[in-house]
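Enquirer: Supplied in structure tokens, the structure appears directly below.
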């Protein structure tokens, strides 16, 4: 599992941009209580699909 800051670094986006992406479910993520969680394999797969 990756934390929010790690995903920001991987995607090279700001925190506000990633919040927007998560709210519109444009990236695979889960919200647990007040925290967003990301699976590393899903994020890497998302990046591979976007680059094709």
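Enquirer: Quick check: anything in region 14-30 surrounded by 12 or more Cβ atoms within 10 Å (Cβ to Cβ), touching a residue at least 24 places away in the same chain (Cβ under 8 Å) and part of a strand (DSSP E or B)?
Expert: no
Enquirer: I need the full set of residues from region 42-52 which are within 14 Å of residue 1 (Cβ to Cβ) and either touching a residue at least 40 places away in the same chain (Cβ under 8 Å) or surrounded by fewer than 10 Cβ atoms within 10 Å (Cβ to Cβ) (or both), in order please.
Expert: The answer is 43, and nothing else.
Enquirer: Would you be able to tell me the number of residues in region 3-13 that are part of a loop (DSSP other than H, G, I, E, B) and surrounded by 11 or more Cβ atoms within 10 Å (Cβ to Cβ)?
Expert: So the answer is 2.
Enquirer: Filter region 15-34 down to the residues that are touching a helix residue (DSSP H, G or I) at 6+ places or on another chain (Cβ under 7 Å) and farther than 19 Å from residue 49 by Cβ and list them by number.
Expert: Within region 15-34, just 15 meets the criteria.
FYI, it's all coordinate maths here, none of it is from the lab. None of these values were measured; they are calculated from a predicted model. Cβ sites come from the backbone with ideal geometry, for glycine too, and all protein chains shown count toward neighbours.
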